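Before any comments, here is the structure.
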Amino acid sequence: MKVDKLRKLIAAMSKNEKRYFKIYAEAYRSGDNNSVRLFDLVEGGMNDDDLKNEILKYSNNANLSSHKNYLFELLLESLFECHSADDIETQLFRKIKYADQLRSKGLYKEAIELCKDAKEEANAKADYVFSGMAALKQREIHIASWADLDEQIEVMNNELYDYLRKLKNKEQYRLLWYQINRDINNKMFVSYNDNLIDLFKHYINHKMLNNEKYAIAPISKVLYNLINGLIQKDILNNNPKSISFTKAAINYFDEDRELLDGNQRDYIVAVSNYFFPILFTKNKSLFYREFEFYQNKIAELKSLKPHLLNMFTKNMLVFKTAAHCVFADITDVSKVMKENKATIQLMLQSGPKGAYVINLHFGYLYFLVKDYKNSIKHLGQILNNKDSFKRAGDFRPEILQIMSFYDKGDELFAQKLLTEFKDTYLSNPDFANKTIETFCPLMEGLLKSKKETKLVALKKTLPIFKNIEGVDYHSSGLYPLSIARWIESKIK
């Protein structure tokens with residue numbers, strides 16, 4: 001007789017587990033006597049042919065496999081329930097589900113109290129770190145954010161971070177990685193980014209576990225998420241910290257040549273990420289000093305793989321052109337293009353995204369030097385090509401194009417583009433932001449007003465663009481600060 005998974009499971013169950021199954025089937029499955037009957041027959045050793053005959057006595061379904069699969073799943077459920085009372089992890093995850101139910105009914109206070117009671121109960125039973133507790137603490141913060149309990153969230157978050165700092169083994173480090181990603185997308189990111197940075201350092205310092213170079217995720221991935229989280233959440237005051245801990249991570253590679261050689265890609269990404277916050281703070285001297293330093297340092301890495309060298313070369317071109325955009329310190333764009341001809345060609349051939357970066361950057365650079373013909377040409381490669389790469393809500397090419405045609409003297413076409421821009425962005429609440437809401441009426445005024453009125457509009461709008469919080473950072477310029485720079489050139 002073939003021994004299938006059902007027969008194996010029943011044979012492996014203890015007397016207590018079998019007794020609990022029968023109670024469970026009676027209590028939770030409305031007196032499921034048929035499953036209990038099949039259980040007794042299988043346990044008794046009845047073969048499949050005789051089982052089919054027995055089943056037909058109480059069921060119209062003659063499919064034995066269907067009955068056996070149902071019983072198998074029911075047995076697993078009962079085993080889970082049988083042992084859940086002794087398993088702290090199981091109890092905690094169950095309480096998380098209960099808390100979710102309360103939260104879905106709007107009972108936030110009760111849900112948080114349930115989480116608190118569950119934590120106290122778990123702490124009384126065990127003094128070690130386990131995933132259920134961290135998950136419960138995370139869910140507590142999530143519920144508090146639904147209820148807009150900002151002060152409580154701060155306390156809860158600090159408690160969670162204290163807990164995460166106790167992490168010791170590989171599985172538990174996974175929680176740390178999840179926590180970093182969760183916080184970056186959390187609306188309370190602003191209030192506890194110091195904890196994030198501290199946790200990042202904790203991750204760096206305890207990364208090498210069980211003789212493994214990486215416990216969970218490469219440093220570069222943590223860096224990428226943290227730095228982009230800081231930038232995208234528009235926390236201007238934290239960029240010095242971004243610069244500091246990015247540099248610390250790079251030094252971690254520099255001090256361990258074996259680590260660097262074994263993880264070259266991560267090193268390249270970490271170095272590249274380092275330039276984002278420097279550009280965002282507009283620290284020109286630091287940018288160019290560090291740019292030259294790492295360009296020379298990478299060149300000295302004899303063991304660097306060719307495809308990684310290409311990646312680094314492309315990254316450095318992006319940041320160099322971005323720096324020219326941010327610092328407005330370029331006079332001859334054609335010279336930059338000639339010096340980087342091979343890399344530019346490489347990026348144009350790498351796909352739509354590479355072509356988009358090149359065309360946007362050089363469109364902006366030509367705009368800065370008042371070469372509107374070439375600026376419009378590069379921007380047209382983005383806007384007039386249906387296959388070009390362009391993120392939803394990315395209004396940079398359109399704004400640059402409108403300003404280029406206006407400065408070129410083609411106000412009629414600039415008005416046409418502005419109308420299309422308003423229809424796309426201003427009327428869509430998904431794209432609403434203060435930059436767009438201020439730029440559109442400004443351009444309307446410039447295109448329709450007299451010279452004196454235009455000057456008044458420019459002077460009135462300038463401080464708005466200079467002081468808009470939540471700067472939309474992009475490597476090709478600082479919006480709305482780039483628009484403020486444009487306005488200043490008009491006032492002069």
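Nothing in this text is a laboratory measurement; each read-out follows from the coordinates by a stated rule. All values reported here derive from a predicted model rather than from experimental measurement. Ideal geometry is used to build each Cβ from the backbone, glycine not excepted, and the neighbour counts take in all protein chains shown.
Points to keep in mind about this one:
- The calculated FRET efficiency for GLU120 paired with SER489, based on their beta-carbon distance and R0 = 60 Å, is about 0.40.
- Among the listed pairs LYS416/LYS466; LYS408/LYS450; LYS416/LYS454; LYS18/LYS116; LYS335/LYS422, a Cα-Cα separation exceeding 29 Å is found for LYS18/LYS116; LYS335/LYS422.
- Among PHE327, PHE93, PHE439, PHE293, sorting on how many other beta-carbon atoms sit within 10 Å of each Cβ, with the fewest leading, yields PHE293, PHE327, PHE93, PHE439.
- Rounded to whole numbers, the Karplus 3J(HN,Hα) couplings from phi for the range 340-346 are 10, 4, 5, 5, 4, 4, 4 Hz, using 6.51 cos²θ - 1.76 cosθ + 1.60 with θ = phi - 60°, and x at Gly and Pro.
- Residue order for ILE268, ILE399, fewest other beta carbons within 10 angstrom first, comes to ILE268, ILE399.
- Pairs exceeding 23 Å between alpha-carbon atoms, taken from LYS353/LYS434; LYS105/LYS137; LYS297/LYS320; LYS8/LYS57: LYS353/LYS434; LYS8/LYS57.
- Sorted by Cβ neighbour density within 10 Å, fewest at the top, the residues LEU317, LEU279, LEU51: LEU51, LEU317, LEU279
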